[in-house]
Amino acid sequence: MVLFKIAFRNLREHKTKTIIIGTIIAVGIMVLVIGNSVMDTASKGIKQTFWDNYTGHIFIAGSKRGDLTIFGPVRRDSMNNVIPKIPDYFEVKKYLSGLKGVKNICPLAFGNAIVKLSDETGEKDSEDVQTFTMLFGIDPLLYRETFPSNMKILSGNFIRENEEGIMLSKKVADYFKNNLKREIKPGDKLLLTSMNDISGMKIREVTVRGIFEFKEADPMLSMISLIDIDNLRALTGMNVSPVRDIKLTGSEKKLMGNINDEELFGETSVVTSVVKEKGKVSEKSLLNILGSNDEKTTRKSTVDSGAWHFILLKLKNPSKIKNTIAEINSYFDSKGINAKAYDWITGAGMVAQLSANMKYIFNVIVLVIAIVAIIIIMNTIVISVTERISEIGTMRAIGAQKSFVRRMIIIETLMVSLIFGIIGIILGALILVILGSRGIVAPNMFFQILFGGKILHPVLSGSSVVLSLIVVTLIGIIASLYPVAIALRIQPVKAMQRG
């Protein structure tokens with residue numbers, strides 16, 4: 001108690017230095033609280049958004065490489081980056097269905113395609129109007145069970161079970177509206193073209209079943225369209241084998257033309273399945289490229305019905321994510337299945353990882369600021385100790401031990417740090433209340449991705465308060481070390497003589 005009285009008296013007698021040190025600490029802690037609370041709110045928002053709308057809680061890929069997301073390979077520097085399929089899908093699905101705690105199972109496949117309006121619509125000047133979309137191949141029933149409220153259907157209806165077709169992204173539909181001055185409507189036909197080094201070029205004509213937009217989407221997610229899995233398997237080359245000739249539509253014949261395959265693909269064609277017939281590309285030679293989607297005819301192409309790139313899981317209790325992932329991976333290892341379960345962050349890819357990395361970057365910046373603050377505080381305390389040489393010397397002369405002097409200076413520093421640190425926390429909390437009620441509008445695409453939406457409503461994070469108290473305590477202890485060393489070197493007799 002005596003030490004606290006002495007420390008408080010000293011701080012009061014050196015008001016100017018105390019206010020300088022306190023202001024630095026209060027501002028630093030306020031920034032730390034606000035920054036980490038904003039980052040925590042954004043991270044929780046992104047996490048909940050992906051849980052509810054895109055990835056579920058657990059992401060399972062048909063590879064143990066760890067470089068896959070729901071948007072395909074992390075690296076896209078080559079068309080050879082073909083996404084591996086889930087091995088033994090039906091066996092894996094049966095195991096997952098019986099796993100305790102699993103609420104929903106959603107298989108998913110991914111692809112990319114160039115989209116253009118089919119010439120059969122009779123639309124003039126549509127030949128040169130095309131755009132890009134990312135595709136999620138889905139089982140309509142399982143997808144809607146897993147993500148029942150993740151989208152707003154603007155026109156048409158969601159794809160029915162066992163129905164072919166595409167749910168077109170509003171952003172893609174708007175592109176055609178702006179460039180063709182015509183709205184894409186349910187029932188319209190689109191040509192989708194996909195290509196990679198393994199399966200070559202694939203073209204499919206699909207029916208638009210509806211136009212939609214995700215309720216929570218960043219610019220990347222807004223490019224996603226949903227398509228029935230059979231069409232996606234055909235586009236990405238997951239068919240086992242085609243077994244019949246195909247009657248080309250008028251648009252497909254016009255697209256291919258009466259040209260030979262070297263004119264179309266070059267001497268080293270990636271479309272290895274094209275068969276030459278008298279130097280021309282015939283209907284039969286295009287069997288592996290084009291497919292008829294005529295709903296009046298029976299589709300006879302043999303497809304790999306178990307071909308899926310990913311499986312998404314929703315759990316009844318999200319706190320069991322880590323334990324469930326470990327259990328699933330143990331099963332894969334025991335069965336020799338080349339697949340692996342990951343957390344949702346891996347499945348979400350860059351968006352979620354960006355949010356996590358931004359928090360680390362922010363804390364590194366705060367750490368640098370804290371080091372500068374420690375140096376300033378330390379120098380201020382050293383000056384204060386120098387001014388009190390006579391006082392400290394007198395204490396030592398009348399019997400005060402070095403431990404007494406050490407504790408006195410440490411307590412003084414901690415009192416300043418904690419008092420002004422708490423003031424900083426309170427100020428930060430008040431500012432967060434204001435920001436939370438008004439919301440922070442994302443100024444650009446980068447912040448829209450970081451915030452997980454267009455507007456962020458930050459709330460005070462308990463972890464940021466705890467972190468701030470730890471930081472302010474460390475600042476007090478570290479900043480007092482050098483001044484304590486100086487104080488302990490003071491010789492009582494010389495100090496009294498100097499006074």
Rounded, prolate or oblate (a/c below 1.5 giving rounded, otherwise prolate when a/b exceeds b/c) for the range 306-400 by Cα gyration tensor
prolate
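Take the Cβ-Cβ distance between E145 and I375 as r, set R0 to 56 Å, and report the resulting FRET efficiency rounded to the nearest 0.05.
E between E145 and I375, to the nearest 0.05, is 0.45.
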In nanometres, what is the gap between the two model label sites at D174 and I398, each 7 Å from Cα along Cα-to-Cβ?
7.8
Inter-label distance, nm, simple model (7 Å from Cα along the C-beta direction), E391/N162
8.9
Ranked highest first by the average count of other Cβ atoms within 10 Å around their residues, in what order do 131-142, 27-38, 315-326 fall?
27-38, 131-142, 315-326
Can you flag which of K320/K454; K103/K215; K215/K314; K100/K359 are past 24 Å Cα-Cα?
K320/K454; K100/K359
Expressed in nanometres to one decimal, the distance between label points 7 Å along Cα→Cβ at K44 and K181 is 5.1
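Here, each number is a calculation from the coordinates, and none is a lab measurement. Keep in mind that what you see is a predicted model, and the values were worked out from it rather than measured. We place every Cβ from the backbone using ideal geometry, glycine too, and count neighbours over all the protein chains shown.
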